[in-house]
Amino acid sequence: MTEPIDELVLDGNAVAGALSEIYGDDMTTVLAECASCGNTDYIGELLAFVQAPGIVLRCTACTTVVLRIVQHPRGARVDVQGKRIPPPPKT
Ligand SMILES: [Zn+2]
């Protein structure tokens, strides 16, 4: 049985811990501008999909991917596609 899509969507606050581990700070209050439509949201307000292999944060206006996080044994890979989001610090 499949779950309705709405039940799989969280907000960016749900991934605050994962973001904090990568950036070393609370990222939920950082503004993210969608590279596709220009909509601006706090990262904590973005649409969060955590049921996939990794975490995907999408724009609330057009659902374009703004940020992707994939964890692997050697650390996290962060793909920042939105504007205004700083790249993760080098480790
Ligand atoms: Zn957008």
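Structure data summary
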quantity: Candidates L67, L19, L31 - the one that is surrounded by 16 or more Cβ atoms within 10 Å (Cβ to Cβ) and in contact (Cβ under 8 Å) with a residue 40 or more places away in the chain; calculated: L19
quantity: Residue count, the stretch 29-43 (criterion: in contact with an Asp or Glu (Cβ under 8 Å, 6 or more places away or on another chain) and either away from the ligand (no atom under 15 Å from the Cβ) or over 13 Å from A61 (Cα atoms) (or both)); calculated: 1
quantity: Number of the exception - C37 against (1) within 13 Å of V80 (Cβ to Cβ); (2) hydrophobic (A, V, I, L, M, F, W, C); (3) at pLDDT 95 or above; calculated: (1)
quantity: When residues of the stretch 43-55 are limited to those that are among the aliphatic types (A, V, I, L, M) and more than 16 Å from G17 (Cβ to Cβ), the one surrounded by the fewest Cβ atoms within 10 Å (Cβ to Cβ); calculated: A52
quantity: Residue in the stretch 48-60 that is in contact with a Lys or Arg (Cβ under 6 Å, 6 or more places away or on another chain) and aliphatic (A, V, I, L, M) present; calculated: yes
quantity: Filter result for the condition that a residue is under 9 Å from the mean Cα position of the chain (by Cα) and not hydrophobic (A, V, I, L, M, F, W, C), over G12, G17, G54, G38; calculated: G12
quantity: Qualifying residues in the stretch 72-91 (those that are at negative phi, assigned to a strand (DSSP E or B) and free of Cβ contacts under 8 Å to residues at least 40 places away in the same chain) - the one surrounded by the most Cβ atoms within 10 Å (Cβ to Cβ); calculated: V80
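Conditions (1) closer than 13 Å to D11 by Cβ; (2) more than 16 Å from the ligand (Cβ to nearest atom); (3) modelled with pLDDT under 95; (4) not aromatic (F, W, Y), marked per residue:
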residue	(1), (2), (3), (4)
E45	yes, no, no, yes
G54	no, yes, yes, yes
T60	yes, no, no, yes
V66	yes, no, no, yes
R74	no, yes, yes, yes
V80	no, no, yes, yes
K83	no, no, yes, yes
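The values are calculated or read from the model by the stated rules, or taken from the named source; none is laboratory data. Keep in mind the model is a prediction, meaning the values are calculated, not measured. Please note: Cβ atoms are built from the backbone with ideal geometry, for glycine as well, and neighbour counts cover all protein chains shown.
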